Amino acid sequence: MVRILLYTGKGGVGKTSISAATGLELASRGFKTLVISTDPAHSLRDAFMKTIGNEPVKVRENLYLQEISVTEAIRKYWDNLKLYLTALMRSQGVEGIAAEEIATLPGFDEATELLYIREYANSGQFDVVVMDTAPTGESLKLLSFPEAFSWYMERIFPISRKTAKIMRPLMKPFLGVPIPDDKVFGSIEELYSQMREVKEILSDSAITTIRLVCNPDRMSFNETKRAFTYLLMYGYNVDSVIVNKIYADNTGDFLKKWRESQTEILEEIETAFADLKVMKVPMSANEPTGEKLLKSMADKLYEGIDPMAIMSEVKPPVQFMSEEKGKFVKIRVPFAEKKNTELHNRGGELIVQVDNWRRVFFLPQSMSDLTPINAEFNKGYLIIEMR
Ligand SMILES: Nc1ncnc2c1ncn2[C@@H]1O[C@H](COP(=O)(O)OP(=O)(O)OP(=O)(O)O)[C@@H](O)[C@H]1O
Ligand SMILES: [Mg+2]
């Protein structure tokens, strides 16, 4: 079975360097490894000092690199949908839509990136896929996409969650818009089920592990706590925090204050993330680019540690519980504040919002006609009673 290791965090903390170093480490341990960048501002090429393309390029024994180009990916995956969009646009008086223009529609880059992930998860081509992602907000958009997409699809098309089939007789024609033909329906259904599959792959704790990269400074620490909370809310598994760019003791007077505050924040990080593995990487004298320096970064990071392993106990981020005293949805949201958390119940759907991130929960059959009647925060969990 494939492993997917996803490194995310605030801008500039070292996601790309850590992903690159991890890739090298895994390859040298004999795993066939792909490091894939989903950040449109690709810098994997700079980390490795190599030319990389839209398809996996082999750079050494067991190591492949890929920087996704959305336009290329759309050409690869979207033939049928392009047909439909072209027809749709034409009916609105817009002539000739090009892949480049489709690429600017919301969601298309997320969707194409996820389709690659699905492909690699299923093909068995690689033992492990290391994902170098864009800064937190973009990664969250990517990771919340599959579910949001399914939700929209279910609203636009009378699509059955069970069979992933569009119920043709229920399909109302939009005004002036051609009803898609069977080929197009087929591709929409395919996309719908593929996105649901992606969600399963990414939520499967045996396959996908998310690692938070941060620096020992206040802003980065705060963002990491929030990211951790949102990721759990979306049902993803996080096993560790990598604190990068720690100043060594011999870094002189000028950095003294920085070292003191780093020490303080490091302690806070250890406490806040006590149930995750916290790993540390020093600030190096040189930019860690090129295989030699990246490998030395990996040596520090993974000394005595298996990068493939799940590094801390998996606590299910979301649980649906039927107990004697009632039915509950239990969501792990360790750093969520009550005043920034909202619950809605709309037409049998449970919607949870923490700060600006919301998730529509697909409730299991046993709860599908229940509504939330009460909610409380308890030891980092949001516990919602359903009746
Ligand atoms: N431990 C380290 N010591 C010294 N320099 C580092 C270290 N880690 C990363 N860097 C440097 O910091 C800069 C940012 O690193 P990197 O590009 O890996 O971060 P990122 O999180 O991927 O950034 P972005 O959010 O832009 O994608 C780069 O110049 C990189 O070489
Ligand atoms: Mg990067």
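Every number in this text was worked out from the coordinates using simple rules, so none of it is lab data. Since the structure is predicted, the reported quantities are computational estimates derived from the model, not experimental observations. Glycine also receives a Cβ, built like all others from the backbone with ideal geometry; neighbour counts cover every protein chain displayed.
Seen from all sides and averaged, what is the projected area of the convex hull of the Cα atoms in the chain, in nm²?
21.6 nm²
Using only alpha carbon positions, build the gyration tensor of the range 318-386, then give the equivalent ellipsoid semi-axes as the square roots of 5 times its eigenvalues, largest first, whole angstrom.
19, 14, 9
At R0 = 51 Å, how high is the FRET efficiency between I351 and R29 if r is their beta carbon distance? Nearest 0.05 is fine.
0.75
List residues of the range 215-237, by number, whose backbone nitrogen lies under 12 Å from a label position 7 Å along Cα→C-beta of S261.
216-221
Please determine, in degrees from 0 to 90 and to the nearest 10, the orientation of helix 79-91 with respect to the longest principal axis defined by the Cα atoms of the chain, where the helix direction is its Cα long axis.
60 degrees
Tally Lys and Arg at +1 and Asp and Glu at -1 over the other residues with C-beta under 13 Å from the C-beta of E349: what net charge comes out?
Summing Lys/Arg as +1 and Asp/Glu as -1 gives +2.
Calculate how steeply helix 291-301 sits against the longest principal axis of the alpha-carbon atoms of the chain, using the helix alpha-carbon long axis, and give the answer as 0 to 90 degrees to the nearest 10.
Compared with the principal axis, the helix lies near 90 degrees.
Using a 10 Å cut-off around each Cβ, can you sort I201, I373 from fewest to most neighbouring Cβ atoms?
I373, I201
What number comes out for the charge environment of K325, summing +1 per Lys or Arg and -1 per Asp or Glu over other residues with Cβ under 12 Å away?
-1
Ranked highest first by average number of other Cβ atoms within 10 Å, how do 321-331, 210-220 line up?
Packing order, densest peptide first, comes out as 210-220, 321-331.
Give, in nm to one decimal, the length gained when the segment between E287 and Q365 is fully stretched (0.36 nm per residue of separation minus the Cα-Cα distance).
Taking E287 through Q365 to full extension adds about 22.8 nm, to one decimal.
Most exposed first by the Cβ proxy, i.e. fewest other Cβ within 10 Å, how do H42, H344 rank?
H344, H42
Would you list, by chain and number, the aspartates and glutamates whose Cα falls below 17 Å from the Cα of K295, excluding same-chain residues fewer than 8 positions away?
Correct list for K295: E25, D46, E61, D132, E287, E303, D306.
Mind checking the angle between helix 218-233 and the chain's longest principal axis? C-alpha axes, 0 to 90 degrees, to the nearest 10.
Result, in degrees: 40.
Would you mind getting me the FRET efficiency between W151 and E190? Use the beta-carbon distance for r and R0 = 22 Å, nearest 0.05.
Once the sixth-power term is evaluated, E becomes 0.80.
Sorted from fewest to most neighbouring beta carbons within 10 Å, what does the list I265, I242, I310 look like?
Fewest to most other Cβ atoms nearby, the residues stand as I310, I265, I242.
Output wanted: per-residue J couplings in Hz (rounded whole) for the range 262-270, from phi through Karplus 6.51 cos²θ - 1.76 cosθ + 1.60, θ = phi - 60°, x for Gly and Pro.
Couplings: 4, 4, 5, 5, 4, 4, 5, 5, 4 Hz.
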